[in-house]
Amino acid sequence: MPTAIVTGATGILGREIVSALGDDKQWTKIHALSRSQKEKYPPTVQHDHVDLTAAPHEIAKQLKSQNVTGEYLFFAAYIAKDTEEEASTVNGALLQNFLEALSNNNVTLKRVVLVTGAKQYGVHLGPVKNPMHETDPWIDGPGRPPNFYYTQQRILYSAAKKQNFEWIVTYPNDVIGVARGNFMNMSTALAIYAGVNRELGKGELEFPGSETFYSRFDSFTSSRLHAQFSLWAIMEPRAGNQAFNVVNGDVESWSNLWPKVARKFGLKVPSRQFERDTPEGSEMDLEKVPPFEDLAAERGMEGKATQGKVQQRIDLVRWSQKKEVKEAWLRVAEREGLEKDALEKATWAFLGFVLGRNYDIVISMSKARKLGWTGYVDSWDALEESFDELAREKIAPKGV
Ligand SMILES: NC(=O)c1ccc[n+]([C@@H]2O[C@H](COP(=O)([O-])OP(=O)(O)OC[C@H]3O[C@@H](n4cnc5c(N)ncnc54)[C@H](OP(=O)(O)O)[C@@H]3O)[C@@H](O)[C@H]2O)c1
């Protein structure tokens, strides 16, 4: 009967892994690790308070005192940092020190799932090759910025050899889900944006992102589906020592989703929204040489990719700081019993980026499907489900 350790147990992705393991009777013991405990767990799950920024011998001590052991590790701990350099140093050490601590405690791992993301393909740097495949080369040639996923994967490969375990890496994108006390969540920010617009009383929900991206394609990942995938992959014999894209299996555009978001909150999309002036807009250039360029020559398209931009028709960071928005939010929060500082804590820069890019993000699921993975979620269903859950948990405003 397998046993598991999950780091990042309270995060948007880790939380669902713990929940899926707790629901699956074949897993007899699950150690859910994070600094805080945010919810109650079924009897097979034990929450352990661990600070992963400590030195390996310190982490080993913390683990020993709580009898943390397991054969399968799901690593979903993450610390956000302002720069990629810092993110690489901090998140690299997080993984390295934890694996070393387990080894110090003589914990024998069979397999490790490391949760990373589609920044693997440089989706944050500009236009990418579509669809994206796991075999695509890493965007880490000369002049490319550091990428903490590459740092973590290198650490993982080397530990796997030393500690004799098999590894699996997942690449989710634009995650749809719920986490308590973590506002870096697309659904939370969307629900707050819609709830405030409803409160402002104009009855409409203008798309704040890029007109170009509105009818381009994105691939989303339901955190619940990602958890099911992780449980499947860690037991699938042929999945060992491989990386996998993990997206819902549909391709969506905001021109399709936005009217549904508006309806969910009792609002309408202005019929000629893109003809409006954009005095509160912003534009930011991404990398001069887009990631696509690394693969362009062999496709006969060298020099064809243009530099990416993040174009916001309404700059969401500035929007969130407007007096009328703050006042409207306080009224909503008061009426619905929500946290008053949720507006301030929500990650507007992140949502602005997700909605403001001006290039497609299409991620292939072929590799996993060839190995027998059949999981699929409709992205609107996942988004609506997350809105309902956020409202139930009193994290974000409710729909109609
Ligand atoms: N969210 C997305 O949209 C998204 C999209 C694609 C990829 N990803 C990737 O998915 C991975 C997981 O991210 P996430 O978004 O799920 O993260 P998250 O929601 O921010 O959760 C981070 C987790 O790490 C734990 N943690 C933070 N500092 C810790 C520390 N010092 N010691 C122990 N635990 C600590 C947190 O728990 P405590 O605070 O309680 O300790 C929490 O459980 C990351 O690599 C991220 O880049 C995320």
| message | Explain nothing, just the number: dipole magnitude of the chain about its Cα centre with +1 on each Lys and Arg Cβ and -1 on each Asp and Glu Cβ, in debye rounded to the nearest 20. | response | 640
| Relative contact order [Cα under 8 Å, 6+ residues apart], the chain, whole percent | 19
| said: Suppose every Lys and Arg Cβ carries +1 and every Asp and Glu Cβ carries -1, with no other charges. What dipole size does segment 1-81 come out with about its Cα centre, to the nearest 20 debye? | reply: 160
| query | In degrees, nearest 10, range 0 to 90: what is the angle between the Cα axis of helix 223-235 and the longest Cα principal axis of the chain? | reply | 20
| field | Theoretical gain in end-to-end length, Ser36 to Ser158 [0.36 nm per residue, Cα-Cα removed] | value | 40.9 nm
| query | If you take the charge dipole of segment 291-400 about its Cα centre, with +1 on Lys and Arg Cβ and -1 on Asp and Glu Cβ, which of Met365, Ala342, Leu383 is farthest toward its positive end? | reply | Ala342
| note | Inverse of <1/r> over all distinct C-alpha pairs of segment 1-134, i.e. the Kirkwood Rh in Å, gives 15.7
| Could you sort Arg198, Arg335 by accessible area so the largest value comes first, with the probe set to 1.4 Å? | Arg335, Arg198
| message | I'd like the accessible area for Lys309: 1.4 Å probe, protein heavy atoms, all chains in place, Å² to the nearest 10. | response | 60
| message | With +1 assigned to the C-beta of every Lys and Arg and -1 to the C-beta of every Asp and Glu, and no other charges, what is the dipole magnitude of segment 291-400 about the Cα centre in debye, to the nearest 20? | response | 240
| Kirkwood-based Rg over Rh for segment 269-325 (C-alpha set), two decimals? | 1.20
| Overall form of segment 110-189 per C-alpha gyration tensor (a/c, 1.5; a/b vs b/c) | oblate
| request: Using the 2.2 N^0.38 Å rule of thumb for compact globular proteins, work out how segment 97-144 stacks up: its C-alpha Rg over that value, please. | output: 1.68
| query | Over the chain, what percent of the accessible surface lies on carbon and sulfur atoms, probe 1.4 Å? | reply | 49
| request: Under a cut-off of 24 Å between alpha-carbon atoms, report the lysines in cross-link reach of Lys309, not counting same-chain residues fewer than 8 places apart. | output: Lys81, Lys119, Lys129, Lys288
| remark: For the chain, whose charge dipole is built from +1 on Lys and Arg Cβ atoms and -1 on Asp and Glu Cβ atoms, the candidate among Ala297, Ser65, Val251 with its Cα farthest towards the positive end is Ser65
| So what is the relative contact order of segment 285-326, in percent, for Cα pairs below 8 Å that sit 6 or more residues apart? | 38
| field | Three semi-axes of the equivalent ellipsoid, the chain, Cα gyration tensor, whole Å, largest first | value | 35, 26, 19
| request: Keeping all protein chains in place, calculate the accessible area per residue for the chain (probe 1.4 angstrom), answer in Å². | output: 43
| said: How high is the relative contact order of segment 250-400? Use alpha-carbon pairs under 8 Å, at least six apart in sequence, and give a whole percent. | reply: 26
| query | Using the alpha-carbon centroid of each, what span in Å lies between segment 338-377 and segment 1-73? | reply | 25
| query | Check Val175: other-chain or 5+ apart residues with amide H under 5 Å from its amide H, H built from backbone geometry? | reply | Thr221
| query | Helix 254-264 sits at what angle to the longest principal axis of the chain, using alpha carbons and giving 0 to 90 degrees rounded to 10? | reply | 80
| query | Expressed as an acute angle from 0 to 90° and rounded to the nearest 10, what is the orientation of the C-alpha long axis of helix 148-163 relative to the principal long axis of the chain? | reply | 10
| Rounded Å value of the spacing that divides the Cα centres of segment 75-151 and segment 226-253 | 17
| For the pair Met301 and Tyr376, what calculated FRET efficiency results from E = 1/(1 + (r/R0)^6), where r is the Cβ-Cβ distance and R0 = 22 Å, to the nearest 0.05? | 0.10
| query | What residues qualify as long-range amide H neighbours of Lys309, i.e. H under 5 Å apart, gap of 5 or more or another chain, H built at 1.01 Å from N? | reply | Leu286, Asn358
| field | Asp250-Lys268 pseudo-label distance in nm [points 7 Å out on the Cα-to-Cβ vector] | value | 2.5
| request: Have a look at Gly70, Gly177, Gly14 and tell me which one the Gaussian network model of the chain (Cα, springs below 10 Å) gives the largest fluctuation. | output: Gly70
| Note, ³J(HN,Hα) from phi for segment 182-191, Karplus 6.51, -1.76, 1.60, rounded to Hz, x at Gly and Pro | 10, 9, 7, 8, 4, 5, 4, 5, 4, 5
| Comparing Asp360, Asp381, Asp51, which has the greatest mean-square fluctuation in the GNM of the chain with Cα pairs linked when under 10 Å apart? | Asp381
| task | Once you have a ≥ b ≥ c as the square roots of the Cα gyration tensor eigenvalues for segment 248-400, tell me rounded if a/c is under 1.5, and otherwise prolate or oblate according to whether a/b is larger than b/c. | result | oblate
| Going toward the positive end of the dipole of the chain, with +1 on Lys and Arg Cβ and -1 on Asp and Glu Cβ, which of Phe217, Gly308, Gly143 do you reach last? | Phe217
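The values are calculated or read from the model by the stated rules, or taken from the named source; none is laboratory data. Predicted model only: the values in this text are computed from it and were never measured. Virtual Cβ from ideal backbone geometry, glycine too; neighbours counted across all protein chains shown. The area values use the complete protein model at the heavy-atom level, side chains included, leaving out ligands, DNA and RNA. Shrake-Rupley method; radii C 1.70, N 1.55, O 1.52, S 1.80 Å.
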